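Novice: Pasting a structure below so you can have a look.
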Amino acid sequence: RRGGSGVTPAALRIATRASNLALWQANHIAALLRERHPELEVSLVHVSTQGDRDRVEPLRQFGGLGVFTREVQRVVLDGSADLAVHSLKDLPTAPCAGLVLACVPERASRFDALVLPANAEPIELDALPEQARVGTGSPRRQAQLWNRRPDLQLSEIRGNVETRLRKLDEGEYEAVVLAEAGLTRLGLADRITARLEPPAMFPAVAQGALGIECRESDETTRSLLAELTHPETFACAVAERALLAELRAGCHAPLGALCRADGDALELSAVILSLDGRERLELDATGLVSDPIDLGRRLADEFRHQGAERLLGEPR
């Protein structure tokens, strides 16, 4: 079944988490593969991850990095599946031995969204009541929210998207912050009260993008996945991830990034904050679509020269 490149296999198995959002993402990739290769049999392999099993403790309390990806990667490495579909923002920048990031399809919205309880009057972030309780466990979101609204009471909120919305509607919070892409993919775009964009809120590195991994040695699957890659999205995601990797910050650092492609050019903007949001450093740089890693590394160097490592704390 595993011939050389250019040979279409009879079947492919996709490893995925079993949340509704993860299943949407895996089924989306399955549909793209079937669209190009109607004869291809595509099935899903459900995987339970540490992040799924423990929905109480803050993610950074039990490792943070890879809590939604490690077990999914292991299923591909041991041959129980042929590829893995991840939210690319959850995938650690350090490569996993034996696997390769073979595909990044076109990105959905990369921005965060402010969500209020059902039937609440729509308001912007700055119009939230004093001391409003806002649910988000992301240090990146918390730091940027406190930078703009230091009065807000920010607290951890775990669980899938539907669980978070239920907690919001039951009165545990006055608002929550969620990724716009996830809400839209789940058919919940009508719950979005306001989109949060820079400078108020920089998105996570690679937010809104999917990352598909397969075994490095599997040339057949790599060739199939290459057909699904969106070159501009891939370049932007690689530049953002190179920035994160060079700073050794980890995906739970108070760092946001936004890369845009314009022809052959890339523009990468990013922000790093102290965890309490009191200090904020924003920089940008330009580079080439053909060398996104160089762009990410150069911007990381500039952040270091400006003292950003002090804000990020000890390398993780």
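Derivation of every value follows stated rules applied to the coordinates shown; laboratory data play no part. Since the model is a prediction, treat every value here as computed from it, not as a measurement. Here the Cβ is made from the backbone with ideal geometry for all residues, glycine too, and neighbour counts use every protein chain on show.
Novice: Taking +1 at the Cβ of each Lys and Arg and -1 at the Cβ of each Asp and Glu, which of Ala270, Leu283, Gln306 sits farthest along the dipole of the range 266-307 towards its positive end, judged by Cα position relative to the Cα centre?
Specialist: Final value for the positive-end residue is Gln306.
Novice: Still on this structure: As an exercise, use a Förster radius of 41 Å and the Cβ-Cβ distance of Asn27 and Asn119 to find the FRET efficiency, rounded to the nearest 0.05.
Specialist: 0.85
Novice: Each residue of the range 279-287 in order: what ³J(HN,Hα) in whole Hz does its phi give by Karplus 6.51 cos²θ - 1.76 cosθ + 1.60, θ = phi - 60°, with x for Gly and Pro?
Specialist: So the J values, rounded to whole Hz, are 10, 9, 10, 10, 9, 8, 8, 10, x.
Novice: Still on this structure: If you plug each phi of the range 266-276 into the Karplus form 6.51 cos²θ - 1.76 cosθ + 1.60 with θ = phi - 60°, what whole-Hz ³J(HN,Hα) values come out, in order, with x for Gly and Pro?
Specialist: Once rounded to whole Hz, the list reads 10, 10, 10, 10, 8, 9, 10, 10, 6, 4, 8.
Novice: Using the Cα centre of the chain as the reference point, and only Cβ charges (+1 on K/R, -1 on D/E), how large is the resulting charge dipole? Debye, rounded to the nearest 20.
Specialist: 720
Novice: So who's got an amide H within less than 5 Å of the one on Ile157, skipping anything under 5 residues away but keeping other chains? H placed 1.01 Å off N, in plane.
Specialist: It is Thr136, Gly137, by chain and number.
Novice: Which of [x] 62, 46, 36; [y] 105, 57, 36; [z] 53, 43, 39 is the computed Cα extents along the principal axes in Å for the structure on display?
Specialist: Evaluating Cα extents along the principal axes in Å on these atoms matches [x].
Novice: Which value, in Å³ per residue, describes the convex hull spanned by the Cα atoms of the range 158-288?
Specialist: 164
Novice: A further question on this structure: Output wanted: per-residue J couplings in Hz (rounded whole) for the range 143-153, from phi through Karplus 6.51 cos²θ - 1.76 cosθ + 1.60, θ = phi - 60°, x for Gly and Pro.
Specialist: Karplus-based 3J(HN,Hα) across the range 143-153 equals 4, 6, 5, 5, 4, 8, 9, x, 7, 5, 9 Hz.
Novice: Can you give the angle from 0 to 90° between the axis of helix 231-247 and the longest principal axis of the chain, with both taken from C-alpha atoms, to the nearest 10?
Specialist: That helix lies at roughly 60 degrees to the long axis.
Novice: Helix 292-305: angle to the longest alpha-carbon principal axis of the chain, degrees 0 to 90, nearest 10?
Specialist: Value to nearest ten degrees: 30.
Novice: What's the longest bit of the chain with no exposed GluC sites (Glu not before Pro), using DSSP loop states and at most 13 other Cβ atoms within 10 Å as the test? Walk me through the numbers on the way to the answer.
Specialist: Numbers: sites that count: Glu39, Glu124, Glu130, Glu170, Glu227.
Answer from the scan: 228-316.
Novice: Among Cys96, Ala253, Leu186, flag the residue with its Cα farthest along the positive direction of the charge dipole of the chain, charges on Cβ as +1 for Lys/Arg and -1 for Asp/Glu.
Specialist: After comparing all options, I get Cys96.
Novice: Could I ask something else about it? Can you give the calculated 222 nm mean residue ellipticity of the chain, where each DSSP H run of n ≥ 4 adds -39,500 (n - 2.57) and the sum is split over every residue, rounded to the nearest 500 deg cm²/dmol?
Specialist: -9000 deg cm²/dmol
Novice: Long-range amide H contacts for Leu266: which residues qualify at under 5 Å (H placed 1.01 Å from N, peptide plane, sequence gap of 5 or more or a different chain)?
Specialist: Under 5 Å from the amide H of Leu266: Gly287, Leu288, Val289.
Novice: Rg and Dmax of the range 219-287 over Cα atoms: what are they, in angstrom?
Specialist: According to the Cα coordinates of the range 219-287, Rg and Dmax are 14.9, 50 Å.
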